[in-house]
Amino acid sequence: MPNRPVAAASTDELDTVPDTVSPAYAGRHPLTRLFDRFASVVTRWAGSPAAFCLAVVTVVVWIVTGPIFHYSDGWQLVINTGTTIVTFLMVFLIQQSQNKDSVALHLKLNELLSSHRSADNHLIGIEDASEEELRRLAAAYLRLSTRPRAEEDAAKVDVAEAAGQTSER
C-alpha cells in the first residue's frame, strides 16, 4: 500500500493543540496524573468551610496556649513555621489547579470562537502571544469600538491583521 500524506486535522490547521512543552499539555506520566488528582482534591478541600474552621481552631488553640508557654519565642515559632510550610506547599497545589482551569477556560472560549461564523478565528490560541502582541491587538479592538458603524468593516481588517501577526510567530 503506497504511503499517502495524511490530511491535517482541523485542530492542526488552527494550531490549538498544545505541544509537550506547553503548560497546557496533559502529561501521561503516572506521577503527573497522581499529582493532578491530589492537587484537585486538596484544592477543593482547602476552599471548603471545614478547612477554614480547622484553620480558625488551630489559631485559637495556639492563642490559648500562649499563657502556658509564656508567649515564648518557641511558641511564636510554631505558628510562624506551620503557616509558612502550609503556604509554601499550597502555592504549588493551587497553581496546578489554576493552570488546569485556565486551559479548560481557553478551550471553551476557543470552541465558542470557532463555532461562531462571524468571529475572528485568529484569536484562538492568543493566550500564548507576547505582551507586546496582546497590547497591539487590544489597541486594534479599542479602535474598532470607537469607530462608527460604517467604518467597522475596515476596522475589522485592522484587527484581523493584528491578530494575524500574533499567530505567525
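Derivation of every value follows stated rules applied to the coordinates shown; laboratory data play no part. Just so it is clear, the model here is predicted, and its values are computed rather than measured. Glycine gets a Cβ as well: all are built from the backbone with ideal geometry, and neighbour counts include every protein chain shown.
Spacing of the modelled spin labels on Leu112 and Arg28, each 7 Å from Cα toward Cβ, amounts to 3.3 nm. Backbone geometry of the stretch 115-131 corresponds, through the Karplus equation with coefficients 6.51, -1.76 and 1.60 at θ = phi - 60°, to 3J(HN,Hα) couplings of 8, 9, 4, 8, 6, 7, 5, 5, 7, 5, x, 5, 5, 8, 6, 6, 4 Hz, x marking Gly and Pro. Kirkwood radius and radius of gyration were both taken over the C-alpha atoms of the stretch 26-117, and their ratio Rg/Rh is 1.21. On the beta carbon distance between Ala139 and Val56, with R0 = 45 Å, the FRET formula returns roughly 0.40.
Packing around the peptides 31-37, 104-110, taken as the average count of other Cβ atoms within 10 Å per residue, puts them in this order, highest first: 104-110, 31-37.
FRET efficiency for Ile85 and Glu131, Cβ-Cβ distance as r, R0 = 25 Å, nearest 0.05? Calculated value: 0.15.
Separation of the stretch 42-64 and the stretch 73-119, taken as the distance between their Cα centroids, equals 19 angstrom.
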